[in-house]
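Worksheet for the structure shown next.
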Amino acid sequence: MNLKIIFGLVSCAILSVIVDGQERSPVITIGAWMENDFSAPWNHNSTPPLEPSPFPDSIVVPSSVRGLSLVCNASYPVEWNFHRERWGGKSRLQYAIKTTRISDDLNVKGFSTELSFFSFESNSITGNYTCQKVGYSGLSDSLYVFWEGGSPPYLTLAKTYRKPVIIPFRNDSQSFTLPCIVSTPSITPILHKEVGDHEVVIPLNQSVTYEPKVGYTLTDLPDPYGKYSCSVGDVEEDGDGDIVSFTIINADDGPKPEFNDTIRHGAYFHIDSNKKEITCCSAGPKGPKLKLVQCDHPTICALAKHTLHKMESSKKRNGSCSTIGMRFRRAGVFRCAGAGIDIVREYFYPMPEMPQHPFMQEKPTKKPGSKDEKDSTDASVTSTTSATPTKDAPDPYFDWKEADQTKMMLVTKIKGPLYVGENRTFLCRVSPFYYAEGIVWGVGFKNESMQYYNGLDGKVPDLFGGHGHPAINNRHFQILLGHNQAYLDITIEKQLDSLVCFAPVWNSSEWGSKAISFEVKMPTSPTIHGKDLKQVTWYLNDTMKSLVCDFDGEPTPKIIWKRGNRTLARNTNTKNNTSTLSFPRVSLFADSDFECIATNEAGSVSKNFHVTVIHSSSSALSVILILSLVAFIIISLALAFMCKRMKSQKNVISHLANLAFKDVNDTSRNGTAGLNTTSHTRSNVSIDTNGVALPTSSLPVSIPPTNMYQENNKGINGFLSSNHPDGNLDEPRSPTSLNFSTYQKF
């Protein structure tokens with residue numbers, strides 16, 4: 001069959017597989033590609049820069065491409081088959097597989113499966129990829145991919161196996177193949193065989209042929225056993241070449257199965273779903289080897305089996321048992337090999353039961369993120385932000401025949417009735433290991449009719465992006481698809497009876513289904529108890545005040561509080577048909593009009609509150625007391641300052657007066673004791689120097705001689721000179737009688 005590379009024309013590919021009602025072979029197309037750049041997204045709108053290939057049904061992907069997706073379409077369920085041989089035991093690749101069923105209602109139009117792979121450097125993607133009818137290889141299409149990767153075109157197995165690859169050969173066979181596969185068709189590796197202590201080059205001839213997609217085929221060799229190698233480029237220690245070694249051994253026992261399936265002598269295995277552990281016990285004293293590869297699609301799990309040939313000793317051993325942990329409770333394949341046991345098992349889990357999802361709640365009437373939506377309160381909704389499995393995890397399945405289809409699906413659980421006119425969003429989520437994408441919602445009515453909505457609106461889905469096209473919106477129904485789940489956005493109608501989620505089984509034409517039953521009621525208009533306008537009076541700075549709004553209605557109304565035109569979000573609480581607007585401390589903000597609004601599908605009602613805030617007497621008294629206290633403190637400080645200043649002045653005056661009397665007394669004593677003085681009498685003497693006044697009473701005063709005044713021209717000397725009759729103390733005078741018996745301070 002000639003390759004048909006049709007980029008972006010998936011719908012044409014689907015039509016090409018159904019001709020005259022006859023089944024035709026699948027068709028492989030290129031879906032998307034990605035540049036070799038960490039930040040580059042998947043490109044769905046252009047053709048990848050492929051290099052020309054000398055072979056039909058093949059493509060050459062240059063190193064500038066790091067991701068590619070292949071889409072296979074048919075009129076029947078299809079699957080990918082890129083079975084790796086035993087020597088391809090170590091996978092360095094990242095694969096993703098997605099299956100999709102395209103249908104009109106439940107009438108199937110086609111089946112699609114997409115294989116995506118991406119790698120930055122590895123050229124191990126090189127190989128043959130076959131899309132075939134599930135379980136039947138007679139209807140298939142193949143594409144060989146040469147993948148250069150991030151390095152020069154080397155041997156694809158060179159980085160996978162460092163040790164020689166063992167290839168069995170039977171004596172009755174005429175030929176065998178050495179998989180010296182390269183990542184570009186322009187390279188032919190050199191074949192060597194070890195002869196004695198040296199290697200010889202085996203040239204191409206009639207018995208030795210080479211094909212880049214297969215390797216070397218050797219036919220009718222006289223001595224086929226021994227060691228061979230294939231090399232490309234310089235294979236010295238620091239060279240840039242690659243080499244792969246092979247050892248051909250005798251296999252007279254005939255072909256052996258890829259894996260044994262043996263459990264005997266008391267060996268066993270067990271999966272603990274709660275602990276997420278696999279335990280395997282051997283029949284001997286030593287724990288077995290245990291390896292696990294987790295996957296999310298049966299084809300990927302089948303591919304992963306070939307990585308289980310290379311086993312390592314388990315790190316967690318306890319006597320004869322070994323344990324390995326599972327990261328997720330999804331799907332996987334493991335191998336346990338030891339004394340009395342050598343098994344390979346695939347397992348997959350049912351969908352875990354989850355708490356009520358936020359999307360399963362009543363849909364808000366306002367747009368998410370709007371002001372009214374943030375400020376509104378819905379008493380009927382319990383917020384749930386996580387979706388974790390239940391405490392007792394379910395046991396896994398090991399066989400498709402054992403699986404319960406309904407347990408591989410998860411749908412919204414309904415609590416209570418639904419009401420006409422309300423908007424609801426329902427979720428259907430299915431296991432990607434069991435179901436394909438292409439969920440269809442069925443909407444059932446009381447007249448036993450059902451309408452189907454697949455969200456595609458007659459368009460082919462985005463097979464790689466996984467989001468589908470924008471959904472149809474008919475009879476208020478809307479579907480949002482993506483990642484093995486579908487949301488049904490619905491406005492409840494009176495004749496609505498049930499909802500059914502239909503999910504396509506990935507490898508058959510069957511549909512799994514799960515129904516949602518409920519009761520539909522007519523809504524009742526909301527009511528608010530009490531008078532429409534309530535007058536409320538509060539005092540300023542009062543605490544713990546609130547406005548209360550008691551309401552009824554079905555479904556439970558949404559309550560919002562407003563102050564004028566402003567919606568209030570803080571300090572509101574709605575519970576058990578009572579909504580409260582709280583005021584921890586009354587401020588002037590509360591002096592306003594407030595409105596409580598109750599709304600549901602049947603209508604809206606409101607109640608008004610007029611709040612008056614007044615200054616209480618206690619508040620006025622508090623202000624007066626505070627002002628009085630401040631005035632008292634100010635006056636007290638002023639008086640204290642004045643007293644301190646007066647005391648300071650008093651001390652200064654007292655000190656000066658003491659100095660004056662001391663000088664007078666000292667002069668009097670000195671004049672009478674050692675000098676011949678003349679007595680003077682002075683009556684009515686008045687002294688007002690420095691604020692001191694002397695009375696006019698008489699007091700004898702001894703006047704010292706002139707030389708004494710000259711030597712002591714200080715103190716009382718200056719004082720008496722001002723009171724001398726002539727204003728001069730140089731002449732001897734008779735002592736003057738002065739009266740110092742009393743004095744007065746000013």
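The values are calculated or read from the model by the stated rules, or taken from the named source; none is laboratory data. Since we're looking at a predicted model, the values are computed, not measured. Here the Cβ is made from the backbone with ideal geometry for all residues, glycine too, and neighbour counts use every protein chain on show. Ligands, DNA and RNA are stripped out before the accessible areas are found, and what is left, the full protein with its side chains, is counted by its heavy atoms. Shrake-Rupley method; radii C 1.70, N 1.55, O 1.52, S 1.80 Å.
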- Screening ILE653, ILE597 for residues that are at pLDDT below 80 and not hydroxyl-bearing (Ser, Thr, Tyr) leaves only ILE653
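Going by the conditions given, is ILE635 in a strand (DSSP E or B) and either out of contact with any Leu (no Cβ under 7 Å at 6 or more places or on another chain) or surrounded by 14 or more Cβ atoms within 10 Å (Cβ to Cβ) (or both)? Talk me through it step by step, then tell me what you get.
Details: in a strand (DSSP E or B): no; either out of contact with any Leu (no Cβ under 7 Å at 6 or more places or on another chain) or surrounded by 14 or more Cβ atoms within 10 Å (Cβ to Cβ) (or both): yes.
Criteria not met by ILE635.
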- Query: Which one of SER91, SER69 is open to solvent by less than 10 Å² (accessible area, probe 1.4 Å) and either at pLDDT below 80 or under 20 Å from SER25 (Cα atoms) (or both)?
  - Reply: SER69
- Message: If I go through the range 563-611 residue by residue, how many of them are out of contact with any helix residue (DSSP H, G or I) (no Cβ under 9 Å at 6 or more places or on another chain) and assigned to a strand (DSSP E or B)?
- Response: 27
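Considering only the range 266-283, state which residues are open to solvent by 40 Å² or more (accessible area, probe 1.4 Å) and over 33 Å from the mean Cα position of the chain (by Cα). I'd like the intermediate steps shown before the answer.
Keep residues of the range 266-283 that are open to solvent by 40 Å² or more (accessible area, probe 1.4 Å), which gives 266, 268-270, 272, 274-277, 283.
Correct list: GLY266, TYR268, PHE269, HIS270, ALA283.
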- Message: Condition first: open to solvent by 10 Å² or more (accessible area, probe 1.4 Å) and part of a strand (DSSP E or B). Now tell me which residues in the range 175-196 satisfy that.
- Response: SER175, PHE176, THR177, ILE190, HIS192, LYS193, GLU194, VAL195
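Evaluate the range 242-261: report whether one residue or more is part of a loop (DSSP other than H, G, I, E, B) and crowded, with 19+ Cβ neighbours inside 10 Å.
Filtering the range 242-261 for residues part of a loop (DSSP other than H, G, I, E, B) gives 251-261.
Add one more test, that the residue is crowded, with 19+ Cβ neighbours inside 10 Å, and what stays is none.
There is no residue in the range 242-261 that is part of a loop (DSSP other than H, G, I, E, B) and crowded, with 19+ Cβ neighbours inside 10 Å.
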- Message: Of all residues being surrounded by fewer than 18 Cβ atoms within 10 Å (Cβ to Cβ) and outside any loop (DSSP other than H, G, I, E, B) in the range 158-174, which is farthest from the chain's Cα centre (by Cα)? Just the residue, please.
- Response: PHE169
- Item | Cross-chain or 6+ apart pairs with Cβ under 6 Å, the range 198-209 first and closer than 14 Å to CYS180 by Cα, then part of a loop (DSSP other than H, G, I, E, B) and of a type outside the set (Gly, Ala, Ser) | VAL208/ILE202
- Query: Looking only at residues in the range 209-232 that are open to solvent by 50 Å² or more (accessible area, probe 1.4 Å) and part of a strand (DSSP E or B), which one is nearest to PHE146 (Cα to Cα)?
  - Reply: GLU211
- Query: How many residues are of a type in the set (Gly, Ala, Ser) and buried (at least 21 other Cβ atoms within 10 Å of the Cβ) if we restrict to the range 142-157?
  - Reply: 1
- Query: Which residue pairs have Cβ atoms under 7 Å apart, sit 6 or more places apart or on different chains, and have a first residue in the range 397-418 that is among the basic types (Lys, Arg) and a second that is open to solvent by less than 30 Å² (accessible area, probe 1.4 Å)?
  - Reply: LYS407/PRO350
